Amino acid sequence: MRSLQFSLNCALWAALLAAAPAAAQQVTLERDSPLYAEPRLDASQVAQLKTGATGEVIGKQGAWLNVKLPDASGWLFSFNVRFPSQPASAGDSGVGSAAGRVFGPRRNVSVTSTIGIRGIGEEDLKGASFNSDQMKLLEGYAATKQAAEERARGSGLAPARVEYMDAKK
Amino acid sequence: MKVAFRHGIAAALTAAVAGYAAAASIDLGRIFDVGRDLRTAATSLDEPEEIAVGREVAGRTLGAAPLVADAELQAYVNRVGRWIAMQSERPDLPWHFGVLDTPTVNAFAAPGGYVLITRGLYDMLSNEAQLAGVLGHEIGHIVQRHHVKVMQQSALVSAGARAAQRGDRNVLVNNLIGTGAEVLARGLDKDAEFEADRIGIVLAARAGYNPYGLVEVLHLLAARTADDTSLALLFKTHPAPGERLTQLGDALAPRVAVLPAGKEPAIRQVDPRTPPPAASKPAPVEGARSLQQQEGGTTIPSGGSPPSKGLDAGGILRGIFGR
């Protein structure tokens with residue numbers, strides 16, 4: 001019975017995904033911000049938006065979100081928006097909602113429901129004692145610089161020169 | 001001469017700290033010799049001592065939650081993490097990375113190169129650039145010795161009790177790093193977290209990743225509400241994710257035009273055959289229930305409801321940041 005329901009759910013979600021891959025991705029402006037014509041701070045400004053304005057996200061690029069508003073569309077600096085809160089529900093102890101999985105990346109993902117399983121909190125850390133078996137395992141997994149570099153190159157990662165940045169004064 | 005003396009004392013103290021760092025090449029006893037009280041020990045930790053303290057903290061954290069039993073995953077995270085750490089000013093620390101088997105959403109840095117990320121947080125990540133941002137943040141704490149500085153402060157605060165404790169080396173060790181892995185539960189000051197965020201962005205960019213992976217993770221976290229128990233400790237020990245986004249945005253704004261676009265490789269998933277996180281305490285009242293499902297792009301837990309009219313931030317964010 002459950003597997004039937006599961007299959008139906010999957011079919012429903014697959015259909016929804018195909019029809020509306022970016023359904024209702026609403027964001028709210030955290031501070032007054034310009035809406036830019038392109039994802040650049042020096043691009044022309046389509047509009048000056050006020051805190052609290054809402055729009056629908058239709059794309060992303062680097063630090064930018066492509067947002068559609070009732071009267072205009074353009075690009076917002078992603079740091080200036082917030083997504084709606086996702087209430088903690090009894091069936092979701094922190095690994096993401098069912099919808100999150102569906103809207104998520106097109107990859108195989110292991111979904112683990114952790115209902116009833118509690119994680120580690122402050123008291124657990126305070127009360128913890130050294131686990132030498134686990135430490136031995138951890139030490140066994142260490143990667144050499146060479147292994148790390150080979151894997152990075154294999155993944156197409158090329159090191160870049162980037163200077164550290166200061167906090168805004 | 002001084003070093004030899006210290007080693008001699010350390011040997012004598014090994015029994016006193018037995019059980020702590022017994023297998024470490026540098027044992028913690030070395031830090032507490034006759035001429036070095038808690039205060040001087042904390043304020044002048046050299047690198048081997050920093051590593052020994054970090055190993056102790058990491059080992060105790062592993063006592064609270066074991067590693068995910070997926071050797072390939074752990075090896076993968078070590079290669080990714082080491083590559084990012086190689087872009088820092090401390091590339092030759094003995095870096096260790098691990099994924100903890102707990103649904104809690106958090107990541108920890110212990111001095112000397114120990115970085116632990118929870119499975120709860122790992123499972124939220126959509127690509128390797130996001131992982132790079134999280135690891136880069138933790139590496140930033142280690143590079144800047146943030147926790148060592150906290151230890152110094154706490155050692156200074158408790159200096160008055162020092163004399164009474166001098167006879168008990170275990171108490172001294174615990175005074176420096178807290179009972180268990182308490183130092184990780186205390187948290188750092190806000191500026192240290194903001195600084196680690198900025199470093200995380202830069203290290204990820206240097207390593208060739210999309211620099212904004214950490215920003216995406218902060219958006220995911222900002223959409224979680226404060227009553228989410230899996231994030232309780234993270235929210236207690238860090239500034240609100242929204243505040244971190246604001247700070248990062250202000251710091252990054254002058255730089256967005258020159259940061260490289262970088263790559264977003266796929267992230268390795270936890271082996272689906274790996275058992276779900278184990279309860280860290282006696283069996284929960286309702287009983288642990290787990291579902292392991294292979295997603296072909298369309299998986300939801302059985303019994304899940306169709307999309308409601310309301311907004312689901314997790315879904316929205318995954319949709320946006322997933323690709």
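As a summary of the residue check, residue B:149 satisfies the conditions (1) within 10 Å of chain A (Cβ to nearest Cβ); (2) in a helix (DSSP H, G or I); (3) surrounded by fewer than 24 Cβ atoms within 10 Å (Cβ to Cβ) except for the one numbered (1). From the list B:198, B:244, the one residue that fits, being within 25 Å of residue B:266 (Cα to Cα), in a helix (DSSP H, G or I) and charged (D, E, K, R), is B:198. Considering only residues that are free of Cβ contacts under 8 Å to residues at least 40 places away in the same chain and either out of contact with any helix residue (DSSP H, G or I) (no Cβ under 8 Å at 6 or more places or on another chain) or facing another protein chain (nearest Cβ under 7 Å) (or both), which ones fall in the range B:201-227? Within the range B:201-227, B:222, B:225, B:227 meet the criteria.
Residue A:16 fulfils the conditions (1) at pLDDT below 50; (2) more than 7 Å from every other protein chain (Cβ to nearest Cβ); (3) surrounded by 15 or more Cβ atoms within 10 Å (Cβ to Cβ) except for a single criterion, (2).
The lone criterion from (1) modelled with pLDDT of 60 or more; (2) surrounded by fewer than 18 Cβ atoms within 10 Å (Cβ to Cβ) left unmet by residue A:89 is number (1). Looking at the structure I just gave you, is residue A:78 assigned by TED's automatic domain parsing to the domain that holds residue A:50, surrounded by fewer than 20 Cβ atoms within 10 Å (Cβ to Cβ), of a type in the set (Ser, Thr, Tyr) and at pLDDT 90 or above? No, not satisfied.
Among the criteria (1) more than 7 Å from chain A (Cβ to nearest Cβ); (2) within 20 Å of residue A:80 (Cβ to Cβ), the one residue B:198 does not fulfil is (1).
Being under 26 Å from residue B:126 (Cα atoms), buried (at least 23 other Cβ atoms within 10 Å of the Cβ), modelled with pLDDT of 80 or more and in contact with a Phe, Trp or Tyr (Cβ under 6 Å, 6 or more places away or on another chain): is that true of residue B:207 here?
Yes: the conditions hold for residue B:207.
Looking only at residues in the range A:21-65 that are surrounded by fewer than 19 Cβ atoms within 10 Å (Cβ to Cβ) and in contact with a Lys or Arg (Cβ under 7 Å, 6 or more places away or on another chain), the one that is nearest to residue B:249 (Cα to Cα) is A:30.
Scanning for something assigned to a helix (DSSP H, G or I), farther than 24 Å from residue B:232 by Cβ, among the acidic types (Asp, Glu) and modelled with pLDDT of 90 or more, does the range A:160-169 turn up at least one residue?
Our first condition is that a residue be assigned to a helix (DSSP H, G or I); within the range A:160-169, this holds for none.
Among the residues of the range A:160-169, not one is assigned to a helix (DSSP H, G or I), farther than 24 Å from residue B:232 by Cβ, among the acidic types (Asp, Glu) and modelled with pLDDT of 90 or more, which makes the answer no.
Within the range B:84-107, how many residues are more than 9 Å from every other protein chain (Cβ to nearest Cβ) and within 24 Å of residue A:147 (Cα to Cα)? Even if it seems obvious, please write down each step before you answer.
Pass one, the range B:84-107, residues more than 9 Å from every other protein chain (Cβ to nearest Cβ): B:88-90, B:93, B:99, B:101, B:107.
Next cut, within 24 Å of residue A:147 (Cα to Cα) only: B:88-90, B:93, B:99, B:107.
The number of residues fulfilling the criteria is 6.
In summary, residue A:141 fulfils each of the numbered conditions (1) within 21 Å of residue B:63 (Cβ to Cβ); (2) more than 7 Å from chain B (Cβ to nearest Cβ); (3) at pLDDT 95 or above with the single exception of condition (2).
Would it be correct to say that residue B:197 is closer than 26 Å to residue B:89 by Cα and either modelled with pLDDT under 80 or surrounded by fewer than 16 Cβ atoms within 10 Å (Cβ to Cβ) (or both)? If you could, list the steps in order and put the result at the bottom.
Numbers: closer than 26 Å to residue B:89 by Cα: yes; either modelled with pLDDT under 80 or surrounded by fewer than 16 Cβ atoms within 10 Å (Cβ to Cβ) (or both): no.
In short, no.
Of the helices (runs of 4 or more DSSP H) lying entirely inside the range B:38-107, those carrying at least 3 residues that are crowded, with 24+ Cβ neighbours inside 10 Å and under 17 Å from the mean Cα position of the chain (by Cα) are B:47-64, B:71-85.
The values are calculated or read from the model by the stated rules, or taken from the named source; none is laboratory data. Remember, it's a predicted structure, so these values are computed and weren't measured experimentally. Glycine gets a Cβ as well: all are built from the backbone with ideal geometry, and neighbour counts include every protein chain shown.
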